[in-house]
Amino acid sequence: MRILLLTGNPKKDGLCKSIADAIIRGATDAGADVTQMSTEKISRCRVCGDGWGTCASGRSCAFGDDGFNDIQAQIGNADAFVIITPVYWGEVEESLKSFLDKIRRCENAFLPKPTPAKFLGKPVLLVASPGGSGDGALSCLTELERFCQHVGASVFDFIGVNRWNSDYKREAAYAAGKALGSGRDIGKTV
Ligand SMILES: Cc1cc2nc3c(=O)[nH]c(=O)nc-3n(C[C@H](O)[C@H](O)[C@H](O)COP(=O)(O)O)c2cc1C
């Protein structure tokens, strides 16, 4: 099982990082290979043409040399995903949002394309970490759920973690990573 963990967290420690580490530990203990990629350098979609560009015709971004192309290639190699973000303004962190905006154009599941969408039918564990007031986990996770719908991915689980539940949510994050890494089927009763 190859897992790609995508994050836009600019911090090298703290709540969000500790949850990502717990998920990676769980997935690794289950025997999965985890690759972590950061979206920090990804710039916003330039909205080519009259709204659609090469994303619609060929699943590629005309401005993908900001690191986008590398992450897109890794998505094709992955069996499962973790998307983890600090909550900013009740939403997904901006560089991760820019990445998700661009990748859903290229990898959406509904436009006819020459190749299948890379996320199609694959499980995605979604994590939102509101580290301040604790507000905004739900709106952020809703945004991420909509992304999964656009690319045809299956939500494996939702985790919202804040400063006063992080002890038991860290344990849940480890367990979720382990379940994802072991190849647990969505929809199968445990
Ligand atoms: C621009 C900005 C906006 C933020 N907005 C929220 C927010 O809406 N709700 C919240 O609980 N925390 C908010 N925070 C705090 C982050 O969510 C917090 O830093 C993040 O969860 C990561 O925690 P950590 O810094 O311990 O890793 C914000 C932080 C920044 C920098």
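Here are the numbers:
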item	result
Relative contact order [Cα under 8 Å, 6+ residues apart], the chain, whole percent	30 percent
Amide H within-cut-off set for ALA153, under 5 Å, with H built and near neighbours excluded	GLY121
Ellipticity estimate at 222 nm from DSSP helix runs (n ≥ 4, -39,500 (n - 2.57)) divided over the chain, nearest 500	-12000 deg cm²/dmol
C-alpha center-to-center spacing [segment 1-79, segment 107-155] in angstrom	12 Å
Cleavage-rule hits, trypsin sites (Lys or Arg not before Pro), segment 27-112, DSSP coil, Cβ neighbours within 10 Å at most 15	LYS41, ARG44, ARG46
P(r), alpha carbons of segment 42-120 - 5 Å bins starting at zero, rounded %	3, 15, 25, 25, 19, 10, 3, 0
J(HN,Hα) series, segment 32-40, from Karplus relation 6.51 cos²θ - 1.76 cosθ + 1.60, nearest Hz, glycine and proline x	7, 9, 10, 10, 10, 10, 9, 9, 4
Surface/4 of the Cα convex hull for segment 78-179, nm²	6.4 nm²
DSSP-defined beta bridges in the chain - what % are antiparallel, rounded to 5	10 percent
Positive-end extreme of charge dipole, segment 1-160 - chosen from LEU100, ALA128, LEU138 (charges on Cβ)	LEU100
With 5 Å bins from 0: P(r) over the chain, alpha-carbon pairs, percent	1, 9, 17, 21, 21, 16, 9, 4, 2, 0
For GLN36, residues with placed amide H under 5 Å, excluding near neighbours	LEU5
Around GLY51: net Lys/Arg minus Asp/Glu count, Cβ-Cβ under 15 Å	+3
Over 19 Å (Cα to Cα) - which of LYS118/LYS178; LYS11/LYS97; LYS41/LYS113; LYS11/LYS118; LYS41/LYS122; LYS12/LYS118 fall in this group	LYS118/LYS178; LYS41/LYS113; LYS11/LYS118; LYS41/LYS122; LYS12/LYS118
Charge tally in the Cβ shell below 14 Å around GLY31, where Lys, Arg are +1 and Asp, Glu are -1, GLY31 excluded	+1
Gain in span if fully extended, PHE63 to ASP185, counting 0.36 nm per residue against the direct Cα distance	40.3 nm
Surrounding net charge for PHE156, when Lys and Arg each add one and Asp and Glu each subtract one, Cβ distance under 14 Å	0
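Readers should treat all values here as calculations from the given coordinates under stated rules, not as data from a laboratory. Just so you know, these numbers come straight off a predicted model, no measurement behind them. Using ideal geometry, Cβ is built from the backbone for each residue, glycine included, and neighbour counts are taken over all protein chains shown.
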